[in-house]
1. For region 69-81, enumerate the residues that are within 16 Å of residue 21 (Cβ to Cβ) and either among the aromatic types (Phe, Trp, Tyr) or at pLDDT below 95 (or both).
2. Give just the number: which of (1) at pLDDT below 95; (2) open to solvent by 50 Å² or more (accessible area, probe 1.4 Å) does residue 84 not satisfy?
3. How many of the residues in region 53-82 are out of contact with any helix residue (DSSP H, G or I) (no Cβ under 7 Å at 6 or more places or on another chain) and in a helix (DSSP H, G or I)?
4. Identify the residue in region 60-79 that is over 17 Å from residue 25 (Cβ atoms) and without any contact (Cβ under 8 Å) to a residue 40 or more places away in the chain and, among all such residues, is least open to solvent (accessible area, probe 1.4 Å).
5. State whether one or more residues within region 8-29 are within 16 Å of residue 86 (Cα to Cα) and over 12 Å from the mean Cα position of the chain (by Cα).
6. Identify, by number, the condition in (1) free of Cβ contacts under 8 Å to residues at least 60 places away in the same chain; (2) surrounded by 11 or more Cβ atoms within 10 Å (Cβ to Cβ) that residue 52 doesn't meet.
7. Looking at region 18-38, which of the residues that are without any contact (Cβ under 8 Å) to a residue 24 or more places away in the chain and in a strand (DSSP E or B) is surrounded by the most Cβ atoms within 10 Å (Cβ to Cβ)?
8. Return the residue satisfying two criteria in turn: it lies in region 39-48 and is open to solvent by 40 Å² or more (accessible area, probe 1.4 Å) and in contact with a strand residue (DSSP E or B) (Cβ under 6 Å, 6 or more places away or on another chain), and of such residues it is modelled with the lowest pLDDT.
Amino acid sequence: MNVMFNLLGALNYLHLKGIVHRDLKPENLILAEKDNDYNLKIADFGLASYISIGEKLSLRCGSPGYVAPELLEDKGYNAQADIFSAGVILYVMYL
C-alpha cells in the first residue's frame with residue numbers, strides 16, 4: 001500500500017501544478033532505488049498536458065486497459081482520469 005500512497009502523492013503534486021499525465025500504467029512507474037520497493041518516479045510525460053481548473057481535455061490518448069471511461073467519451077475529461085488509471089494499477093498489482 002505504501003507504493004500507492006506514494007503514487008497518489010505524486011499525482012496530487014502534478015495535479016496541483018496543473019499537469020495531467022494521461023498515460024499512467026505500470027510500465028511508466030520506475031523504482032527510484034534498488035533496495036526500496038516504495039519510492040517510485042513517474043516516467044514518460046509524452047502525452048502529458050497542462051490543464052486549468054474547470055477545463056476539460058478532449059484528446060483520446062493513453063494505454064487501453066488503463067484509461068478512464070470518460071476519456072473515451074466525447075464529453076471531455078480532467079485530472080481525475082489519472083486517478084482512475086492509478087486505481088487500475090492498484091487492482092493489477094494485487095491480483
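1. We begin by selecting, within region 69-81, every residue within 16 Å of residue 21 (Cβ to Cβ); these are 70-71, 77-81.
Of everything in region 69-81, those that are within 16 Å of residue 21 (Cβ to Cβ) and either among the aromatic types (Phe, Trp, Tyr) or at pLDDT below 95 (or both) turn out to be 70, 71, 77.
2. (1)
3. Residues in region 53-82 being out of contact with any helix residue (DSSP H, G or I) (no Cβ under 7 Å at 6 or more places or on another chain) and in a helix (DSSP H, G or I): 3 in total.
4. 76
5. First, pick out the residues of region 8-29 that are within 16 Å of residue 86 (Cα to Cα): 8-15, 19-29.
The next check asks that each one be over 12 Å from the mean Cα position of the chain (by Cα); those that pass are none.
Within region 8-29, none of the residues are within 16 Å of residue 86 (Cα to Cα) and over 12 Å from the mean Cα position of the chain (by Cα).
6. Among (1) free of Cβ contacts under 8 Å to residues at least 60 places away in the same chain; (2) surrounded by 11 or more Cβ atoms within 10 Å (Cβ to Cβ), the lone unmet condition for residue 52 is (2).
7. 31
8. At the first step, the residues of region 39-48 found to be open to solvent by 40 Å² or more (accessible area, probe 1.4 Å) are 39, 41, 44-47.
When the remaining residues are screened for being in contact with a strand residue (DSSP E or B) (Cβ under 6 Å, 6 or more places away or on another chain), the result is 39, 41.
Details: 39: 90, 41: 95.
My answer is 39.
The values are calculated or read from the model by the stated rules, or taken from the named source; none is laboratory data. Because the structure is predicted, anything quoted here is derived from the model rather than measured. Ideal geometry is used to build each Cβ from the backbone, glycine not excepted, and the neighbour counts take in all protein chains shown. Note: accessible area is taken over every heavy atom of the protein model, side chains too, but ligands, DNA and RNA are not part of it. Shrake-Rupley method; radii C 1.70, N 1.55, O 1.52, S 1.80 Å.
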